[in-house]
1. Between residues in region 13-35 that are free of Cβ contacts under 8 Å to residues at least 60 places away in the same chain and more than 17 Å from Q235 (Cβ to Cβ) and residues that are surrounded by fewer than 18 Cβ atoms within 10 Å (Cβ to Cβ) and charged (D, E, K, R), which pairs lie under 8 Å by C-beta distance while being six or more apart or on different chains?
2. In region 511-533, how many residues are in contact (Cβ under 8 Å) with a residue 24 or more places away in the chain and either assigned to a strand (DSSP E or B) or surrounded by fewer than 17 Cβ atoms within 10 Å (Cβ to Cβ) (or both)?
3. Of the conditions (1) under 24 Å from the mean Cα position of the chain (by Cα); (2) at pLDDT below 85, T53 clears all except one; give me its number.
4. What are the pairs with Cβ atoms under 7 angstrom where one residue, in region 241-260, is more than 19 Å from V214 (Cα to Cα) and without any contact (Cβ under 8 Å) to a residue 24 or more places away in the chain and the other, located anywhere, is in a helix (DSSP H, G or I) and hydrophobic (A, V, I, L, M, F, W, C)? Sequence gap at least six, or different chains.
5. Check region 147-156 and report whether any residue there is within 18 Å of the chain's Cα centre (by Cα) and among the aliphatic types (A, V, I, L, M).
6. Can you work out which of the residues in region 25-74 that are acidic (D, E) and not in a strand (DSSP E or B) is farthest from V97 (Cα to Cα)?
7. State whether one or more residues within region 107-115 are under 16 Å from G11 (Cβ atoms) and of a type outside the set (A, V, I, L, M).
8. Restricting attention to region 443-476, and to residues there that are buried (at least 21 other Cβ atoms within 10 Å of the Cβ) and basic (K, R), which single residue is nearest to the chain's Cα centre (by Cα)?
Amino acid sequence: MSTVVKIENLGVSFATDAGAVKAVDDVSLTVSRGEVLAIVGESGSGKTVTAKTILGLLPDTATANGAVVLSSRDGSSENNVIALSKTQLRAVRGRDVSMVFQEPSTALNPVFTVGWQIAEGLRAHGAYSKREARAKAIEILGRVGIPDPKKRVDYYPHQFSGGQKQRVVIAMALVLDPGLIVADEPTTALDVTVQAEILDLLRRCRDDFGTAIVLITHNMGVVADLADRVAVMYQGKVVEEAEVSTLFSNPQDDYTKKLLAAVPHIGEGTLHAAARAEARPAEWADQKPVVLATDLRIEYPGRLGQKGFVAVDGVSLQIKAGEVLGLVGESGSGKTTIGRAMAGLTKVTGGSLSVLGYEMRGIKEREFKPVRSDIGFVFQDPASSFNPLLSIADCVAEPLVIHGYADHPADARARVNELLEAVQLPGSYGDRFPHELSGGQRQRASLARALALKPTLLIADEPTSALDVSVQARVLELFAELQREFGFASLFISHDLAVVDLVADRIAVLYKGKLVEEGTGLEVLGAPQHPYTQRLLASLPVPNPEEQAARRTALARLIAAD
């Protein structure tokens with residue numbers, strides 16, 4: 001097999017006010033034609049910097065040494081990417097190597113149709129007429145599984161779902177038939193069902209197009225599903241490299257062992273749930289629920305006389321004091337809408353929703369305002385939920401100031417330090433700004449803010465979806481510890497079944513706004529009854545290449561039977 005890219009003794013440093021910071025240190029890797037190399041490691045390990053070096057996408061503050069030798073698609077020439085000028089790099093990108101970015105919403109231009117954006121690469125690299133470029137765009141959209149490509153080639157990015165947008169980004173990467181695709185966390189924010197579809201598409205890129213893939217990910221299940229070889233990076237170095245089956249069955253480096261041990265597995269939560277149940281008092285079952293939904297219906301009104309959209313349709317559920325209810329389902333199933341309705345952020349249009357004794361249907365803000373201090377909210381992306389102009393201490397103190405427990409953030413500093421220590425952050429971190437913390441540290445600070453007022457109900461909306469497995473494991477352990485300490489009831493929203501299994505006492509499955517299954521983790525995940533739950537479970541990649549291959553076959557049978 002011919003080599004597509006060869007990285008030799010790569011080093012990358014970034015200039016900062018405090019001096020040079022080494023992000024990649026003496027990394028050597030090779031990728032052959034038609035091969036998938038997965039580069040894994042926690043945030044800051046250097047995996048994305050290594051990948052971006054292949055395309056010459058490093059910022060001006062970066063200094064690279066060593067060599068990144070990239071072969072052309074036909075194998076007739078080789079180029080050291082590090083030594084290329086900007087003009088030469090433009091000729092190489094798209095034709096010899098292309099990139100699939102992590103977040104398709106930011107990779108796509110919202111003011112141009114997807115057809116125009118796909119054709120842009122064709123116009124930049126060849127003499128294509130407008131008609132030829134459009135025909136090529138339609139062809140590639142069809143090949144990546146976009147339905148009715150002749151019509152949807154004229155759609156704008158906002159008219160596609162998250163999974164379809166990722167397919168469009170993959171189409172842009174494939175349109176010039178490059179020899180290598182660099183995929184940076186291509187499935188991170190996707191539901192497990194959509195993630196399975198994208199992994200199948202990447203597998204077809206390898207098999208049908210003969211494309212080599214460098215896959216950057218922190219999801220070890222994705223690695224087991226797609227990769228041929230794996231390189232594990234830690235603090236800028238490759239600490240282990242092996243065939244995928246060898247790495248999972250017999251890891252050698254201590255960091256690799258730690259990384260694999262941090263991956264949550266279905267079934268691990270059964271013992272934790274049983275221990276929590278035994279610790280509850282005998283009269284707990286007779287207590288009035290903190291949250292009680294009966295035939296809950298939430299409809300968003302249509303525009304310009306159009307019919308409204310029913311996001312939640314006849315859902316009945318309850319959460320008792322000190323209980324964690326896990327809410328799972330794909331995007332658009334109504335998970336976040338229910339969470340927002342519980343927090344008084346979305347209006348209830350039908351049925352009944354009682355939160356802390358208050359009926360939410362038709363409630364006025366002035367009636368509900370006194371109850372807001374009893375509800376905490378942990379957002380999916382703490383980076384966007386924190387004010388970048390405020391320090392972490394000021395952000396955590398904000399609820400205390402708003403609800404009159406302190407006149408000024410400085411007055412609440414002692415309480416803020418206690419909260420930061422509770423979430424295993426030093427009190428000195430309060431003086432830092434959000435951008436100065438890692439993703440896991442920001443999520444811990446977000447937990448501290450949500451717990452500032454000692455809430456009775458905590459709503460956690462996808463709190464670990466963007467975290468590395470090692471950081472995710474620490475945040476989940478922390479969540480469980482805090483739940484035991486503070487005793488709050490919680491709605492835990494996630495699309496990761498293994499994560500929900502670890503923290504939840506009961507699991508509710510939503511599908512197209514309806515509750516299709518509910519029970520303990522053992523009941524819902526151990527013996528799922530509804531076909532959608534079965535498909536959801538089969539779509540979850542597991543960190544075992546042999547088991548994952550069997551699950552992929554089982555998923556294909558379920559899809560064929562639909």
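1. Pairs that qualify, where the first residue is free of Cβ contacts under 8 Å to residues at least 60 places away in the same chain and more than 17 Å from Q235 (Cβ to Cβ) and the partner is surrounded by fewer than 18 Cβ atoms within 10 Å (Cβ to Cβ) and charged (D, E, K, R), are T30/K6.
2. So the count comes out to 8.
3. Exception for T53: condition (2).
4. P251/L260
5. no
6. So in region 25-74, the residues acidic (D, E) come out as 25-26, 35, 42, 60, 74.
Applying the additional criterion that residues be not in a strand (DSSP E or B) yields 35, 42, 60, 74.
Working: E35: 14, E42: 25, D60: 21, D74: 12 Å.
Selected residue: E42.
7. no
8. So, considering only residues that are buried (at least 21 other Cβ atoms within 10 Å of the Cβ) and basic (K, R), the one nearest to the chain's Cα centre (by Cα) is R444.
The values are calculated or read from the model by the stated rules, or taken from the named source; none is laboratory data. These numbers were taken from a predicted model, which means no experiment stands behind them. All Cβ positions, even for glycine, are placed from backbone atoms using ideal geometry, and neighbour counts span all protein chains on display.
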